[in-house]
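To keep things clear, I will list the structure first and then write my remarks on it.
The values are calculated or read from the model by the stated rules, or taken from the named source; none is laboratory data. This is a predicted model, so every value here is computed, not measured. Every residue, glycine among them, receives a Cβ derived from its backbone with ideal geometry; neighbour counts consider all protein chains shown. Just so you know, the surface numbers come from the protein's heavy atoms only, side chains and all, with ligands and any DNA or RNA stripped out. Shrake-Rupley method; radii C 1.70, N 1.55, O 1.52, S 1.80 Å.
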Amino acid sequence: LAALDRVEVLKDGASAIYGTDAIGGVINFILKKDYTGLEVSASTDQPQHGGGNISRASVLLGTGNLTTDKFNLMAALTYDDTQRLRGKDRSFQNGIQPDRGLFPDTTGTPYANIGVAGGTALASTKGTSLNGFSRV
């Protein structure tokens, strides 16, 4: 992002410039021109309960002047690191939370109850339907 000058959003009507692929609009990322200097940035995000830290660093370097030197060289380098956040890093991930009414047997229903009433398309005349499920 350090090399980015601006973002242009063309919502519609861009097909006249960019062809039929741009009928829904275009987003242009305009890079800096004639950049000289050095820009360094770093940031980190740390959740208050630990785990899942995010670290970012970027360097932007530019040299040369387009009007006097007839060239400009710009290079950008970015580093991102996101640490894994595992379920074991949080106390609430195990499903047993008595204070919230959650116990191992309330995390889901392993079996479905299927009832077939007479007079429906699924009911059979022999008393059973759906491969052995009893008619209710």
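General remarks:
- Efficiency of FRET between LYS70 and VAL7 - r from beta-carbon atoms, R0 25 angstrom, step 0.05: 0.30
- Solvent exposure of segment 33-85, expressed per residue, is 77 Å² of accessible area, with all protein chains present and a 1.4 angstrom probe.
- Sulfur and carbon atoms: percent of accessible area, segment 33-85 [1.4 Å]: 53
- Shown is the FRET efficiency for ASP89 and ALA57, computed with R0 = 35 Å from the Cβ-Cβ distance and rounded to the nearest 0.05: 0.90.
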